[in-house]
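The values are calculated or read from the model by the stated rules, or taken from the named source; none is laboratory data. Quick caveat: nothing in here was measured; it's all calculated off a predicted structure. Note that we place each Cβ from the backbone using ideal geometry, even for glycine, and neighbour counts take in every protein chain shown.
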Amino acid sequence: MSKPSILFIPGSYVLLPAYQHLLDAVSRAGYEIQGIHLPTIGLNSRQGRDGPAPSTYDDAAVIAQEAEKLADQGKDVVLMGHSYAGIPMSQSTKGLGKDERKAQGKLGGIVHLAYISCLVPAVGQSAGSLLSRCPDNKRPHVSIDENGWMLMEDPAATAGMICQKLPPEEGEALVRDFAKHSAQSFGNELTHAGYKDIPVSYLFCEEDMAGPPDFQRDMIAMIEEVSGRKVDVTSIKADHCPHLSAEKETIEWALSVAKKAEESQLVV
């Protein structure tokens, strides 16, 4: 029984080292896992990139490219992501689901989507339209530069909204390490719902202030309605950054999802 390969997609603004403990734990369990640095995230802390900020479609294209490389090697692929990642993850799967590829005589493909307190819009929705439900005082203050890159202006206040279960100084340091993020990406609407045809697991964070429980429940219900399948939901007492505030539980969840994806292919 071959293990699936996992592509991990970070949340907006977040550089991959913030997830290193999670990635290392999954790797030690024998799974191939690769983090993707999205085009919409700057290269370094509090920095963007040269030129106009890219779109969520650029993110999706990079995810699709990496998934296709693995699929062309005959590998089963799990896409796992946090927060904003739910949007380009969902967008990226067109033509890459294992069932779609099998119908074309190809091996491998995406077999599972694993969302960590993710934004998961319906077709026609964007990150911005989802987040418009949140009151202004629950959204971080950002500035936008001339190239369309957003910067978290108040790391301490932002930490109190997204990682309030961490000690304040740790939370502030985390946010201070964030890169800039593309403003355009928050306005790009989903045009392909990967979750319609690919099984989904969702890590539900009960104490998330950035994506409150009702918000998460509505997205899960939408996925179930569109797909006609139940979402595999695991609920934990965590804020919006469970990979840090509930590290053990998040690692256990990631490994359980990988195992479920592996076992599901035995009956295909």
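For L16, the conditions (1) among the hydrophobic types (A, V, I, L, M, F, W, C); (2) touching a residue at least 24 places away in the same chain (Cβ under 8 Å); (3) in contact with a Gly (Cβ under 7 Å, 6 or more places away or on another chain) all hold with the exception of (2). A Cβ distance below 7 Å, combined with a sequence gap of six or more or placement on separate chains, defines the contacts here; from segment 198-217, residues that are within 19 Å of V175 (Cβ to Cβ) reach residues that are among the acidic types (D, E) and buried (at least 17 other Cβ atoms within 10 Å of the Cβ) in the pairs C205/D239; E207/D239; D208/D239; M209/D239. Considering segment 16-97, the qualifying helices (runs of 4 or more DSSP H), each wholly inside and each with 1 or more residues that are more than 21 Å from L255 (Cα to Cα), run over 56-72, 86-91. Pairing each residue of segment 100-113 that is at negative phi with any residue that is part of a loop (DSSP other than H, G, I, E, B) and modelled with pLDDT of 95 or more, provided the two are 6+ apart or on different chains, yields C-beta distances under 6 Å for L107/G74; I110/T93; I110/L96; I110/I198; H112/P199; L113/I198.
The residues in segment 222-242 that are surrounded by 21 or more Cβ atoms within 10 Å (Cβ to Cβ), of a type in the set (A, V, I, L, M, F, W, C) and part of a helix (DSSP H, G or I) can be counted, and the count is 1.
Residues of segment 188-198 include none that is closer than 25 Å to N44 by Cβ, among the small types (G, A, S), at pLDDT 95 or above and in contact with a helix residue (DSSP H, G or I) (Cβ under 9 Å, 6 or more places away or on another chain). The set of residues in segment 151-172 being touching a His at 6+ places or on another chain (Cβ under 9 Å), closer than 20 Å to L43 by Cα and surrounded by 18 or more Cβ atoms within 10 Å (Cβ to Cβ) consists of L151, M152. Number of residues in segment 198-221 that are assigned to a strand (DSSP E or B), of a type outside the set (G, A, S) and surrounded by fewer than 23 Cβ atoms within 10 Å (Cβ to Cβ): the value is 1.
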